[in-house]
1. Under the condition of being among the aliphatic types (A, V, I, L, M) and within 16 Å of Gly99 (Cβ to Cβ), which residue from the range 136-159 is modelled with the highest pLDDT?
2. From the list Asp222, Asp260, pick out the single residue that is in contact with a Lys or Arg (Cβ under 6 Å, 6 or more places away or on another chain) and open to solvent by 10 Å² or more (accessible area, probe 1.4 Å).
3. Restricting attention to strands (runs of 3 or more DSSP E) lying wholly within the range 226-308, give those where 3 or more residues are touching an Asp or Glu at 6+ places or on another chain (Cβ under 7 Å).
4. Identify, from the list Leu237, Leu249, the residue that is buried (at least 17 other Cβ atoms within 10 Å of the Cβ) and either closer than 16 Å to Arg76 by Cα or modelled with pLDDT under 95 (or both).
5. Can you name every residue in the range 57-78 that is at pLDDT below 95 and of a type in the set (A, V, I, L, M, F, W, C)?
6. Considering (1) in contact with a Lys or Arg (Cβ under 9 Å, 6 or more places away or on another chain); (2) farther than 30 Å from Arg325 by Cβ; (3) open to solvent by less than 20 Å² (accessible area, probe 1.4 Å), say which one Ile67 fails and leave the rest.
7. For the range 131-147, how many residues are open to solvent by less than 10 Å² (accessible area, probe 1.4 Å) and closer than 21 Å to Ala272 by Cα?
8. Filter the range 217-246 for residues that are more than 19 Å from Asp260 (Cβ to Cβ) and of a type in the set (Gly, Ala, Ser) and give the result.
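The values are calculated or read from the model by the stated rules, or taken from the named source; none is laboratory data. Worth saying up front: this structure is predicted, and the values here are computed from it rather than measured. No Cβ is skipped: glycine too gets one built from the backbone with ideal geometry, and neighbour counts run over all protein chains shown. Surface accessibility is based on the protein's heavy atoms, side chains included, excluding ligands, DNA and RNA. Shrake-Rupley method; radii C 1.70, N 1.55, O 1.52, S 1.80 Å.
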Amino acid sequence: MTSKIVICSLLTVFLLTVSLAQAQQPKNVPRLGYLSTLDAASESTRSEAIRLALRALGYIEGQNIAIEYRYAEGKRDRFPELAAELVRLKVDIIVVAGGDNTVRAAKNATKTIPIVMTGQGADPVEVGLVESLARPGGNVTGVTNLSTELGGKRLELLKEAVPKLFRVAVLYDPAAPVGVLLQKEVPPVAANALGLTVRFWEVRDADDFEKVFAALSKERPDGLYVPGAGPLILANLKRIAGLALKSRLPSIYGNRESVDAGGLMYYGQDLADSYRRVAYFVDRILKGAKPADLPVEQPTKFELVINLKTAKQIGLTIPPNVLARADKVIR
């Protein structure tokens, strides 16, 4: 009887030990690399939206998924270094919250780790990031935002909001591939059709913004278009919106954050929908899908946002027919 008790006790201890050891085994938690062109504060809205979209699919940061964040703070020379750092950490996926140069830096750093684009920059086929939208090939897929194709629609909306619009200043970063494409596509197609004269103003570093707006105050264009392409533009969205407001320039942007910061109008992809699609790509890849086989998606939902507070400050009355089409009005 005593020997049976001893054996049972030893067996119980053994089972408890095995159970405890299994409980202490580290779980195989997938690790996501998040590479942003911006700083943590500027990026917080987008990264939080993507986290929520992942949570809706069952991925909770700190529980069953880990995220390594790297911020370039608008400095394009940091892209390769930060991408290489994420590769050394052996993340399972790199989500690139930036344009063509940022995606290219990640692609140059690894040919095997899947890369998911969040919907910035030029056509990824045209700039050589994927073979085609339907069959990307390689390790890059995700969302593209049709940035150059939307240029015409944005100018059209600005013209409707400001009927006396004839001369438009376009702010762009020549170091961003989409900035070069923009020069080719916007003037001949959209501007001519609308009877507009477009002049491009380039910014190459952070000191150029004040200089450009000082020149604009002398030239007095009727409106401003900021596509929002390139890390320099993206890192200075609030600054640009503030300068446009100070100059009393009606403005339209390719970034929703600009209107929240005081810009007049935004037209582009429905960001909430795009972030859900980013989470979809992460989910599919973690479940075994290959980026090469996941078609790059173009936005299917668009939104027009108008800042009425800004309109009032610059003395502009938005026509009722334009206001009625807005998906959101900031009052």
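1. Across the range 136-159, the extreme among qualifying residues is Val140.
2. When all the criteria are applied, what remains is Asp222.
3. The strands (runs of 3 or more DSSP E) meeting that bar are 302-307.
4. Only one candidate passes the filter, namely Leu237.
5. Scanning the range 57-78 gives a single hit, Ala72.
6. Exception for Ile67: condition (3).
7. Matching residues across the range 131-147 total 4.
8. Scanning the range 217-246 gives Ser217, Gly223, Gly230.
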